[in-house]
1. What 222 nm value per residue comes from the helices of the chain, counting each DSSP H run with n ≥ 4 as -39,500 (n - 2.57) and dividing by all residues, nearest 500 deg cm²/dmol?
2. Could you work out how far helix 121-133 tilts from the main Cα principal axis of the chain, as a 0 to 90 degree angle to the nearest 10?
3. When the dipole is taken about the Cα centre of segment 1-105, and only Lys, Arg (+1) and Asp, Glu (-1) are charged at their Cβ, what size is it in debye, to the nearest 20?
4. Report relative contact order for the chain in percent, whole number only (criteria: Cα-Cα under 8 Å, sequence separation at least 6).
5. Quick check: Cα centre of segment 50-83 to Cα centre of segment 106-175, how many Å?
6. Does anyone have the angle between helix 246-257 and the longest principal axis of the chain? Alpha-carbon axes, 0 to 90°, nearest 10?
7. Summing +1 for each Lys or Arg and -1 for each Asp or Glu, what net charge is found among the other residues whose Cβ lies under 12 Å from the Cβ of P17?
8. Just to confirm the filter: which trypsin sites (Lys or Arg not before Pro) across segment 1-104 are DSSP coil and have at most 16 other Cβ within 10 angstrom of their Cβ?
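Quick note: the coordinates plus some simple rules give every number you see, no bench work behind them. Because the structure is a prediction, the values reported are computed rather than measured. Cβ coordinates were reconstructed from backbone atoms using ideal geometry, including for glycine residues, and neighbour counts include every protein chain displayed.
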Amino acid sequence: MASQQLKRHQAVIWLPPRSAGEAVLSSGRPVFHAQIGGDDESERRLVSLEALEGVRQVWLIADARDVALITAPVPPLSGKRLKQALPNVIEEYVLQDPARCLIVPGPVLPDGQRVIGVIDAHWVDAVLAAFKTAGIRVEALWPGQLVLPWEEGKWTVLVSDDNLTVRTGEWTGTGWAAGESESAHRETASALLSGKLMGPPPPRVNVWLGQQEWRSPMKVAAIPSDTRLDFTSVPPVRNAPLDLLAARNAGLKTMLSRIDWRLWKGVGVLAGAVLAALVVGINLQWLQMRTEASGLQDAIRARFHDAFPNAAMVDPVLQMRRNINDLRLKSGRPGPDDFVPLLARFAQAVGERGPGTIEALEFREGTMKIRFVDEVGTNDTMREALVQDAARLGLSLTFDNPRDPTARLTPQGGR
């Protein structure tokens, strides 16, 4: 049941007839009549599925021509046995194979017969799949004839586009194709009000006007029959006495209700205990690692202050490395990433291949950029040999680009 006031992400939608084909559902064409929550939800808008971008929850209304409402004697069964019996009950009332139908049992009437709603199951699957793909949740699917109001001794008729829907009783009603031209509308309205379609109409008939173009044909058709027509625009629809998706939803609930959850109690307790132990263990491990990390940081800070008591500490590891390099330079001792030691080790690594293979050198902050001649720098075999020779002497030679003869040389474990 939809709430009395639709929210902005909710809508009530009239589906096109099944005869239009499944392709129209996602064709991008405006084939749905929708009442969308918002400022004027009573207005029926013609929209496409893509135009329902902000809508996340819908109640669908099936075209009355696609729904058969059957009243038949049904054995007093329930659950699975009732589901198995219904196809045999409706077989003589429908032309389609009952196995291809979605059959929904309704209430039992005072005379002992039962109301049964029937709709093509494949069409319902296609509709639900289209809305699911659009990210819209379908709450219910109502028969088009049963969303119309019913009063004792009165009919309610919905005339919209090329169809005419009639509710003649509490559980009776149907739909008719009415054509698209005004003359076709007059013929269909005349057949209805003259009694050719469904028998003589009552003295008063409520008429919901989907389009104002239907007013004149209905008035003209009512003149010979002396039937009084009460016209109104289509009001907001909120409910229907039968949900064609009830059988699907009930199937899931029935399946869950058949599970004996007591048998799973021990498994659930064990799984909960394992999960709790896992959470506790992860937190204890995290606390231990946090304590170790804090201890290491304290040790690094203490060592830094012991070595450089007057220096402000920002990044102790980087500052320690720079200060050691400065002390080494002041004492006249070169470091492994200074220019001369780095170049000497590389010359030792390349050996006899060195002369004539280097075009240029550039040294900056412990990194030497070497540009080789194209014959060497773009030859995969020679590049690999240079990298391996440098690695044997503790150097890292890296080519950034396979087509660029420039490489970076640093001590292994350096920058």
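1. After summing the helix terms and dividing by residue count, I get -11500 deg cm²/dmol.
2. Between helix and principal axis, roughly 40 degrees.
3. Rounded to the nearest 20 debye, it is 340 debye.
4. Relative contact order for the chain comes out at 11 percent.
5. Using only Cα atoms, the two centres lie 7 Å from each other.
6. Compared with the principal axis, the helix lies near 60 degrees.
7. It works out to a net charge of -4.
8. Here the sparse-neighbourhood loop sites are K7, R8, R56.
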